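The next block holds one structure in the form of structure tokens; read it before the comments.
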Amino acid sequence: MTRGAPGAWDSAYHAPVLADEIVELFKEARTILDCTLGGGGHSAALLAIGATVTAIDRDPNAVAEARNRLASYEAAGRFRVILGNFAEADRLLPHKSETFDGILADLGVSSHQFDDASRGFSFREGALLDMRMSEDSGETAADVLNSASEEDLAKMFREYGDEPKARRLAREVVRRRGNRAFRTSDDLVGAIRAVLGPRSGAGDFARIFQALRIAVNDEMHSLSSALPILRDKLEPNGVLAVISYHSGEDRIVKHALREWSLDCVCPPRQLQCTCRGRALGALITRKAITAGEDEISRNPRARSARLRAWRRGE
């Protein structure tokens with residue numbers, strides 16, 4: 001595998017995960033779509049091996065940071081950035097027929113977004129409950145906690161946070177907002193501790209806050225909608241790689257890539273095939289690729305990363 005120096009593509013804004021593995025997957029690609037630009041680390045690595053990169057991100061701050069970092073490549077015509085949600089890639093790209101040799105989607109939140117208390121992604125004391133990827137769109141995390149029904153809150157905590165006491169936590173949120181609206185991370189941490197007990201800690205907070213972030217940004221639906229769009233934007237033999245950080249996201253990716261790799265997707269008991277009758281491509285990764293201990297020690301957020309890749313047929 002082609003490897004750079006440890007942390008070679010890190011910046012003050014973000015440390016990209018599995019960068020060496022991504023470079024290896026795309027080493028033969030000349031044109032690449034980076035669906036989640038973030039701090040530009042993956043794009044920088046791919047530009048360094050000679051590729052031309054088109055990048056998408058819905059965070060204006062991330063776009064500004066990456067454009068500044070990669071200005072020389074943009075000036076040379078090898079890098080361009082589009083502001084928007086990658087789930088709408090077919091609409092955002094200026095040429096509707098444009099296709100790519102490689103497409104990357106890193107579904108994580110950037111280090112900068114986590115570390116900037118004003119963005120409200122972390123459970124750091126006093127952080128406002130915002131969590132929107134784009135600061136001028138949709139409901140904030142506080143809005144969701146203050147307005148969603150108990151049923152919807154319980155579903156969110158259970159499905160996106162794997163929380164066994166989801167119903168009790170939802171009930172506690174509804175009870176507390178009746179006295180005072182949720183506004184900061186402290187408000188949600190207090191509700192979590194009331195239900196999970198005083199020994200609940202960072203791992204519990206991280207799961208619940210992640211669940212809320214996924215709901216605020218409609219991440220599961222966006223991913224499900226985006227995957228077939230991205231698949232159809234690949235050139236023959238092009239590679240699609242997705243890095244996920246949540247079991248639900250990874251499940252969506254795994255099932256999609258496996259289905260596209262089957263010759264037949266008709267119901268098992270159907271006597272005659274009526275589907276496409278051929279595989280659309282083949283899996284590159286039979287099992288998800290994960291970060292090694294060296295990378296995890298340098299960047300603990302890489303611990304939950306799962307990389308899966310698929311190659312489109314000819």
Quiz item: Per residue, how many Å² of accessible area does the stretch 22-63 show with a 1.4 Å probe?
Solution: 25
Quiz item: With every protein chain present, what is the per residue accessible area of the stretch 238-314 (1.4 Å probe, Å²)?
Solution: 59
Exercise. Enter the angle in degrees (range 0 to 90, nearest 10) between the Cα long axis of helix 150-161 and the first principal axis of the Cα atoms of the chain, meaning the one along which they spread out most.
Key: 50
Self-check item: D_trans [Stokes-Einstein, Kirkwood Rh over alpha-carbon pairs] for the stretch 190-314, 25 °C, 0.890 mPa s, µm² s⁻¹
Solution: 144
Quiz item: Starting at 0 and stepping by 10 Å, how many percent of the alpha carbon pairs of the stretch 47-112 end up in each bin?
Solution: 18, 54, 28, 0
Quiz item: Under 20 Å from the 7 Å Cα→Cβ point of Leu83, by amide nitrogen: which residues of the stretch 127-141?
Solution: 131-140
Practice problem: With a Förster radius of 45 Å, plug the Cβ-Cβ distance of Arg278 and Ala48 into 1/(1 + (r/R0)^6) and report the FRET value to the nearest 0.05. | Solution: 0.75
Practice problem: Calculate how steeply helix 60-69 sits against the longest principal axis of the alpha-carbon atoms of the chain, using the helix alpha-carbon long axis, and give the answer as 0 to 90 degrees to the nearest 10. | Solution: 50
Quiz item: Excluding Ala29 itself, what net charge comes from residues whose Cβ is under 15 Å from its Cβ, given Lys and Arg +1 and Asp and Glu -1?
Solution: -1
Quiz item: Rg(Cα) of the stretch 119-240 divided by 2.2 N^0.38 Å?
Solution: 1.19
Exercise. Report, to the nearest whole %, how much of the accessible area of the chain belongs to carbon and sulfur atoms, 1.4 Å probe, protein only.
Key: 48
Quiz item: Among all stretches of the chain without exposed trypsin sites (Lys or Arg not before Pro) (DSSP loop, at most 11 other Cβ atoms within 10 Å), which one is longest?
Solution: 4-95
Practice problem: List the lysines whose Cα lies under 23 Å from the Cα of Lys165, skipping any in the same chain that are fewer than 8 positions away. | Solution: Lys155
Quiz item: Does anyone have the angle between helix 202-216 and the longest principal axis of the chain? Alpha-carbon axes, 0 to 90°, nearest 10?
Solution: 70
Quiz prompt | Distance between modelled label sites at Glu159 and Glu24, nm, 7 Å Cα→Cβ extension | solution = 3.5
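So what is the relative contact order of the stretch 134-177, in percent, for Cα pairs below 8 Å that sit 6 or more residues apart?
37
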Practice problem: May I ask for the net charge around Asp90, where only other residues with Cβ less than 15 Å from the Cβ of Asp90 are counted and Lys, Arg are +1 while Asp, Glu are -1? | Solution: +1
Exercise. Could you calculate the FRET efficiency of Leu262 with Asp294 from 1/(1 + (r/R0)^6), where r is the beta carbon distance between them and R0 is 45 Å, rounded to 0.05?
Key: 0.80
Self-check item: Neighbourhood charge, 10 Å Cβ-Cβ cut-off, centred on Ser225 and excluding it, Lys, Arg +1 and Asp, Glu -1
Solution: -2
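Between Ala194 and Ser247, how high is the FRET efficiency from 1/(1 + (r/R0)^6) when r is the Cβ-Cβ distance and R₀ = 22 Å? Nearest 0.05.
Step by step, r from the Cβ atoms, then E = 0.30.
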Quiz prompt | Projected-area average for the chain over all orientations - Cα convex hull basis, square nanometres | solution = 17.8
Quiz item: Going through the stretch 20-67, which GluC sites (Glu not before Pro) have at most 15 other Cβ atoms within 10 Å and a DSSP loop state?
Solution: Glu28
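The values are calculated or read from the model by the stated rules, or taken from the named source; none is laboratory data. This is a predicted model, so every value here is computed, not measured. With ideal geometry, Cβ positions are generated from the backbone for all residues, glycine too; neighbour counts draw on all protein chains shown. All accessible areas refer to the heavy atoms of the entire protein, side chains included, with ligands and DNA or RNA removed. Shrake-Rupley method; radii C 1.70, N 1.55, O 1.52, S 1.80 Å.
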